[in-house]
Structure formats: structure tokens, C-alpha cells
Ligand SMILES: Nc1ncnc2c1ncn2[C@@H]1O[C@H](COP(=O)(O)OP(=O)(O)O)[C@@H](O)[C@H]1O
Ligand SMILES: [Mg+2]
């Protein structure tokens, strides 16, 4: 349905997006995962015909949208990363305007507004000025404004940044329902891997303007199938233990966590005995040990050597 | 385009900050021109001890036929004090057949005063002389009768037509101030564009089926109408409430205002192309507005400027042509064909600014 071909965008001589190929089939829910500055928003801007690619193309049903954006503009709904609403107007007035620019008028518009307000659960507060809303409520109206014209494809750019857990799960649940019950095609961008894990069938992992891994969730995790993660909580931070663990040939990766250290090791390696030995040697108290199968976060860490969030 | 246009009205309704400039204009014009318009200059008048009560009353009555001055009876001491303290600029001492002026500062009106008092005295003394010689009392009445329908009349009109000095002063203030404050209204309204670009609603419009020119046009039409309406409202207010005489060329004045407002809207687009953030724009607007107004002669008539460079610079300001053309229409009854020059200069300015401005904005 939608496809990008070697999409590239250069800002001031630096490539923010560097040759992205991705595709979405009808009814799919696709995740775009990557840390801040990876180039996710820029990619979305190019897909939504807001920014002209330096090179490459975006195809909708096999037709270039760079040459003629009119088609994609009608079928695309974009929830921007920033809250793009008129703060001094009421939610209702905002929705009237964003409906009108898609050509909706009169009764049809009223009906759609009632629908999307119901969807985001703010029907009872529509006559209030947006400024007075909480961050989470603003995010929900931000999303509602992109849904008025019944888009076939919904693109969401980090729609849950900085909001309360209640609004967050409301948004996630809404997106999941739209995708599964209404068959809406969704491109969900985030740097929260647990959101992407929950919502998306297929995931692209982005870093430094490139896609570093892609596939169904399980496929991606299989990258790490030969590995497991061991969380070790210590009674206090102890850098010397960390560095000696990092020296250990058998351990793939050792990183510091809030409570202690985290190790990625080959599956089945009998590593714990030597870890306890090291702890004994450095006179550190181990308070908890937890062995886990990998998450997308671990995949990212594995591929880049960095965490998604700093 | 219409939805963008209508949206701006809704936003204005929710946050009517622009009314500030409407009110400010009215306040300024009232202070500078309106309040003064009916006031006469007060002249404290005291009498020489040789003068009888009837004599002094007669002089006072005669003098108070003046249009420009009000002669008010006062004690000598009081009058001298007031002039000395600068509370009033003139006092006059009347004697039986002569007068003395007491002038505080180098007030240009003192010549008018002197002329006037001199004329009244000369006339009266000549009449008295004639009365004495003809021994009969009828000469005064017959002269009065005669003067009511004189065989020869000298009427003074200026080359430029019938616009009086006072009217010109009033209109200078009215035109200058309303065109000046409308710059604020228009530029601050245009800031909506800059804010939308920063806030992301602009992007929302661009990725919708709306065309970019529709978005621009919607904003510009709004700014144009707000600026235009503000000036028209102020003109109407001063015409109907304070009785300012704006002549009869209403259509011509509307065209002039339209061209002027267009030029200001275009100037706003240019500014937005030049600065990066709404904050910068906010800082630049007052500077630009007052610079234009000062250089273009909104605060004082450009005729008082003698510096060649300043005069040359004023020719680059749309407000200069706006005031010039408005005065032409209101004071000297000029029509569109006679005002083609200032009108086309404003249009030229507008087209140039808009072209450069939109180009600069779109390049980013
Ligand atoms: N308009 C722009 N001008 C210059 N650089 C930009 C612009 N937009 C984004 N960038 C740069 O491109 C990179 C990718 O940004 P972005 O797409 O916003 O990343 P993400 O959304 O993944 O956090 C960043 O380094 C950012 O600084
Ligand atoms: Mg982003």
C-alpha cells in the first residue's frame, strides 16, 4: 500500500535520514523504533509530504507522492509529535477547523466530531479551551484532530511522550482497537519499546538515519535467541565489579543499571558461579538475580551498544 | 482559504488583543487633536486704572468677538504671576486708547494675538475719532449698517483650497496616528503565521488537501481586513463624535487605505521572512512601526523636516504616501487620478515586499 524507496534527507550537509526503505500493507500495524534524533520524525515528514526528500521517493499504491501529493494528503492522518492545536480555542472549535480543511462541512462534520471525541473519551469536555487541558487530554485531542477525515493510514509520532499513565494507556488502547477492529493501517513511532511490542506486528529499528533491523517482533527477538539477560541487583554501586565483569570473555555485554548490573550472556552459559565468585572477591553483596529472555530494548542494545533512552 | 480566514476571527474573538491598538489610537488622537479642537487660547486681561468700568467692559466685549482667543478679566498681579509661571502664554493690559502685551515665551501665536488686538484698537479708535468730528451719534450705527453689506469684499483663500490650518493639524494627527497604530495591528495579526509555524498547526494545514497559497491568502485577508477596519472605525469615530471634517472623497480614501493596508501586510510578510522566531518578530515590530512612522511623517508633518537625507528616506515609507494621499483627498478634494502617484508607490512597495517576503519564508 505505502512504500518508501531509498528515502534520504540532508540538513546542512548532514543526513538526518539516510536511505530508508520501508513498506506497509493494508491493515498492518507497523512500529518505527529508535532513540531521539534517529530520524523518525523526519521520515514521517517526508511520508506525509510535508518535507521534500533530498532523494528517494514515497509510493502510494505504486504512484509517487513526491510528484503528486494530493492523493496521500486525503488518505493520511498524522498525529504530530508536538501538540499542534490552537491553545486559545476550545477542543470543539479546533476540531471544526481541522475538519473543514479536509472539506468536511455541516452535519457530516458534526457527526465526525462527535465520533472522534467519543473515541478519545473527551466528549464531555469539548467546550473547554485546550489551554486548560492536562497534557494527556491535549494529546488525545491532538490525535482526534487527525482522525476526522477517516484516514486509511494513521501515522503517530511519539503520541505518548510526557503524559500521565491513564491517558497513555487510553491512547494505546484506542490505537489497538482502531487497528484490530476497524482495520486501520498504523505506523507507530516511539522510543518506548514496550509500546511498540504491545501494538505492532512488525517493527523497524532506526538509528542515525538508517534502519538497522526490521521484521516481525519475534523475528527480531530471535536475533538474540541464543542469548539471555541477567539482572543482578547489588547493595550499592560498585564500578570495579562492573569492569571486571566486562573483562570476562564469556559475557557478551555488561552494563550498569540503577540497582546493579545487567549482563547479556550466551544461553546456557554457566556464568552465575563466576559472577558470585567475583562478587565475593570484591566483597559486594548480591541482593537479587533475575534471568530474562530478551526484549526489543535488548535487541537495540545488542545492535547499537546503546540504550534507547538516555 | 475561507476556513483559514474564519479561523482567525474565531481566534481574535477568543483573544481580542488587537482591540488595544484601536483604543490606543482613539486615546492618542483625542489627546493630541480632539481635546484641543474647540478650545480657544486664553488671554488674561487686566485694565489700566484710568479706564472706567463701562470702558473696560466695552473693550472686553469687542475683543471677545475673536475666533481664536478668549479674553478673560483678571487682576494685574494674578495675570503677571500666571504668565511668569508659564501657566498661560499671554496677558494683555488695556488702557483707554492703547494696550500692552505680556508674552511669556516665543509663542508663534503672539503675532496672531498682536495683529488681532491691534486691529480691534485701530478700528475702534478710528470710529471714536470720526464720532468726535461729526458731533452726531449716528456715525457708529451707520458704519455698522454699511459694513453688514459692503460694496467691496476682500476674501483670502490659500492656493491649496479652503482647508484651514486648524483642520490640517487635526487631520495630520488623525491620519498619522491611525496609520501608525494600524501597523501594529496588522503585524501582530500576521504573527499568527509565525506562531502556527512554530506550534505545528501550520504543518497540519500543509499536509491537508489545502493548498499553501490558500493558507497564506486566508491569513493575509484577515490581517488586511482587521487593519483596514481599524482605520475606518477610527475615522468614523472622529468624524461623528468629534466632528472632524474629512471632506467628501470617501471612495478615494477607501482606495488609499486599501493600498496602504496592503503595503503594510506585505511589509509584515517581508519581516517574517527575515526573522527566525515569533519572539524576534515581537521585538522587531515596535521598532519597525515607530521607525516607519517617524521617518514617514506620522508624528509630525513631513513639511517641518528640512534634512535632505530624512526627506529622501521618507519617500521610501508607505505611510508617507498614505498620509499624503489622505490629506490630498480630505483637505484638497483630490480624486484618484490626481493621487495616482502615492497610490502606485504604495502598491509597488507592497508587491516588492510580498514577493521577497514569501520567497524568504519558503526557502527555509
Ligand atoms: N529542520 C531541520 N533542520 C536541521 N536539522 C534537523 C531538522 N529536523 C531534524 N533535524 C536533525 O535531524 C536529525 C533527526 O531528527 P528527527 O527526525 O527529529 O529525529 P527523531 O524524531 O527520531 O527524534 C536530528 O539530528 C535533528 O537535529
Ligand atoms: Mg521525533
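Quick notes on this structure:
- Here the sum of -39500 (n - 2.57) over DSSP H runs of 4 or more residues, divided by the residues of chain B, equals -22000 deg cm²/dmol at 222 nm, to the nearest 500.
- Prolate/oblate/rounded call for the range A:113-224, Cα gyration tensor, a/c under 1.5 rounded: prolate
- Rg and Dmax of chain A, both derived from C-alpha coordinates alone, stand at 22.7, 76 Å.
- In plain terms, the residue of A:68, A:18, B:149, A:298 with the fewest other Cβ atoms within 10 Å comes first and the most crowded comes last, giving B:149, A:68, A:18, A:298.
- Rel. contact order, % - alpha carbon contacts under 8 angstrom, at least six apart, chain A: 20
- For the range B:231-279 and the range A:265-290, distance of Cα centres in Å: 80
- Peptide A:70-82 has a mean of 2 when you count, residue by residue, the C-beta atoms of other protein chains within 10 Å of its C-beta.
- Once the Cα atoms are used to define both axes, helix A:91-100 deviates from the longest principal axis of chain A by about 70 degrees.
- The long axis of helix B:318-332 is offset from the longest Cα principal axis of chain B by roughly 40 degrees.
- Look at the alpha carbon pairs under 8 Å that are at least 6 residues apart: their mean separation over the length of the range A:226-293 gives a relative contact order of 49 percent.
- Fraction of antiparallel bridges per DSSP, the range B:1-104 only, in percent to nearest 5: 35
- Nearest 10 degrees, 0 to 90: helix A:165-182 Cα axis against chain A principal axis: 70
- Rg over Rh for chain B works out to 1.15, using Cα positions for both radii and the Kirkwood form for Rh.
- Anisotropy class of the protein assembly as shown from Cα gyration tensor, a/c 1.5 cut: prolate
- Percent antiparallel among DSSP beta bridges (both partners in the protein assembly as shown, rounded to 5): 60
- Footprinting exposure proxy for B:71, A:276 (fewest neighbouring C-beta atoms within 10 Å first): A:276, B:71
- Beta bridges per DSSP with both ends in chain B, % antiparallel, nearest 5: 40
- Contact order, relative form, for chain B: 19 percent (alpha carbon pairs under 8 Å, 6 or more residues apart, mean separation divided by residue count).
- Cα gyration tensor shape for the range B:205-364, rounded if a/c is under 1.5, else prolate or oblate: prolate
- Burial ordering of A:101, A:205, fewest other beta-carbon atoms within 10 Å first: A:101, A:205
Bear in mind these aren't lab numbers, they're just calculated from the coordinates by the rules spelled out. This is a predicted model, so every value here is computed, not measured. All Cβ positions, glycine included, derive from the backbone under ideal geometry; neighbour counts span all protein chains shown.
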